[in-house]
Amino acid sequence: MQTYTPNTEVDFIVIGSGAAGGIMAKELSVAGFSVVVLEQGGWGKYGHEQDYTKDELLNDNPAPEDRLMSDRSRQPNTFRRTDKDNARPGSHGYGCVVGGGTVTYGGSSWRHLPYEFNEASHVGTIAGTGLADWPISYDEIEPYYTKAEWEMGISGQRLNTPFVAPMSKDYPVPPVPEKSSGAAFKIAAKKLGLTVVPGPLAIITSGYMGRAACTNCGSCSGYGCHVRARSSSAVTMLPIAVATGKCEIRPNSYVREITVDSRGRVTGATYFDKDKREVTQKAKAVVLSANASESARLLLLSKSNRFPNGLANSSGVVGRYLMTGNGVGASGLLEHRLNDYKGVVSGTGIVDYVPSDPARGFYGGGRMTSRGFDDPISYGLRGLMPGAPRWGAGYKQALREQAGHKIAVSCFITQLPLESNRVDLDPDVKDDWGLPAMRLTLQSHPDDMKNAEFFRQKSIEVLEAAGAKNIVAPPVRDSTGGAHNRGTCRMGNDPKTSVVDKFHRAHDVPNLFVVDGSNLVTGGRNHPTMTIQALAFRAAEHLVRSAKKGDSSSGG
């Protein structure tokens, strides 16, 4: 792999190597630009995927070299509902490895629907929210959805239904096989008159671009894929970037500041290496792709005389309109064994409730999916239904009666953007590097909570129609953080109300680009990755074009 010295001014630094960062690194280096990728996590099993552990107990408490998610003992965060509350220790986590969250995610790859790009115009304003139209349309981004699906490798079925986004091209490989829970969903849907579709997934079902198909090992979400079937940045984009001879990946690089000169232009990034030594890498431009929570935090950490409130934050919008994603669901027991832990984690979807319906009396929509969460050991430890014995003969009998019979409905639903929901810097708590910890302030809009209760009730209906017994539907709870981070650096045409323009260039800093889930103006139906990837391909195309024309603020 090509290496650069810190004093070598490379064309681009890309901070983060996940869904967007991997694409940006690949596209820029293929175009001939020198790129350094700074990733705060380790290598993981990059290039040696067959060595990923499938040990369920070790996966709960991994060794440092096997860690794929952020370590809250070193990277703590705090949480509060409102700015009047005292923050308490939080549970927010994110992918922290070369490849980011794409290494371990379930792979759901739904597109935003066309109306989700102009939802403010579509449904009207909603009091107390920052609901706004995007500066781009579905037609503008559609070719990049297709590009992402074919370059990453997405399995699925092109459908003609108003509940799924229209496509100009089929998926490159067929959908994953239907699981037993999917068959049960079909039984329920037929009774209830609902629409069942296979979910699009970043998991290939046949050999594609030199990678092997999914083996249905059962150790899916939360684990690294040992056969490279999951279409992560680590197996799709980053190897191509490295092969150009123009891209260096630096793991264990914990960025503390994006540096600027007296003119307010980016000059590089300062980070701690694995030994906690400070290093400053020079660059003509910086692409920030650290995920919506960490990207906002880093901009707020990057204060200077020119930017006293944080880099690119003259609007005061950095960190605001955070959407982490609400979810709700139910589970029950079927007479026949499902063994739903086998195969991919995410299966069939019911999509009739994706649109927001004014007749419900509130804004909100979402998808209902059949998901097999509990692998055998985790089921034995914490997967039994409430009230089941936890020890002795009664526990063994409960395992015989319940294990393999459980069916779960997981609903991924809307969350409205609120200015008060945000990421900022905790004034009291520090991380392991002595920097202010991330603080989340998050309280969902009343419509979000009504929507969650709506989907809780629909989950019960679906399970009853499928023939499930012993149904459990936990009470609705507001989000305290999650993997589907969106907002915090929203895109827009007005520098007073947004952080970046429609091509991801920071309004305040001409050679700084923010490309990740932070740019999403609205959250969609809680599955952001495919939209993040499409936006990244679009941003990279524009950035390469500008840089090749000699735009000095674009890293050229």
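Per-structure values
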| item | result |
| --- | --- |
| Shape call, region 353-503: gyration tensor on alpha carbons, a/c limit 1.5 | oblate |
| Packing-based ranking, highest mean first, of 269-278, 444-453 given that Cβ atoms within 10 Å are counted | 444-453, 269-278 |
| Rg/Rg_globular for region 231-272, with Rg_globular taken as 2.2 N^0.38 Å and Rg from C-alpha atoms | 1.55 |
| Gyration tensor (alpha-carbon) shape descriptor, region 442-534, a/c threshold 1.5 | prolate |
| DSSP bridge pairs, the chain: antiparallel proportion in percent, nearest 5 | 70 |
| Rounded accessible area of Arg211 (nearest 10 Å², 1.4 Å probe) | 10 |
| Packing-based ranking, highest mean first, of 292-300, 424-432, 72-80 given that Cβ atoms within 10 Å are counted | 292-300, 72-80, 424-432 |
| Fraction of accessible area attributable to carbon and sulfur, region 344-488 (%, probe 1.4 Å) | 54 |
| Amide proton proximity set for Val521, modelled H, under 5 Å, gap of 5+ | Met491 |
| For region 295-414, fraction of C-alpha pairs farther apart than 25 Å, in % | 52 |
| Cα pair count fraction exceeding 15 Å, expressed as % - region 284-344 | 67 |
| Mean projection area, nm², convex hull over Cα of region 1-137 | 13.5 |
| Partners for Lys282 among lysines (Cα-Cα distance below 16 Å; same-chain residues under 8 apart left out) | Lys246 |
| Rg to Rh, two decimals, where region 194-253 supplies the alpha carbon set and Rh follows Kirkwood | 1.08 |
| Cβ-derived FRET efficiency at R0 45 Å, Lys54 paired with Thr161, nearest 0.05 | 0.80 |
| Carbon and sulfur %, accessible surface of region 241-330 computed with the full protein complex present, 1.4 Å | 42 |
| Kyte-Doolittle mean at least 0.0, axial Cα span of 24 Å or more - DSSP H helices of the chain | 529-548 |
| log₁₀ of I(q)/I(0) at q = 0.10, 0.15, 0.17, 0.21 Å⁻¹ - region 71-219, Debye sum with one point per alpha carbon | -0.57, -1.09, -1.18, -1.24 |
| 3J(HN,Hα) from dihedral phi, region 112-125, Karplus parametrisation 6.51/-1.76/1.60, rounded to Hz, x for glycine, proline | 5, 7, x, 6, 6, 8, 9, 5, 4, 6, 6, 10, x, 6 |
| Shape call, region 438-478: gyration tensor on alpha carbons, a/c limit 1.5 | prolate |
| Accessible area (Å², per residue) of the chain, counting only protein heavy atoms and a probe of 1.4 Å | 38 |
| Net charge of Cβ neighbours under 11 Å - reference Asn59; Lys, Arg +1; Asp, Glu -1 | -3 |
| Over the chain: helical MRE at 222 nm, DSSP H runs n ≥ 4 each giving -39500 (n - 2.57), nearest 500 | -6500 deg cm²/dmol |
| Of all accessible heavy-atom area on region 72-182, the percent that carbon and sulfur account for (1.4 Å) | 49 |
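The values are calculated or read from the model by the stated rules, or taken from the named source; none is laboratory data. Computed from a predicted structure; not experimentally measured. Note that each Cβ is placed from the backbone with ideal geometry, even for glycine, and that neighbours are counted across all protein chains shown. Just so you know, the surface numbers come from the protein's heavy atoms only, side chains and all, with ligands and any DNA or RNA stripped out. Shrake-Rupley method; radii C 1.70, N 1.55, O 1.52, S 1.80 Å.
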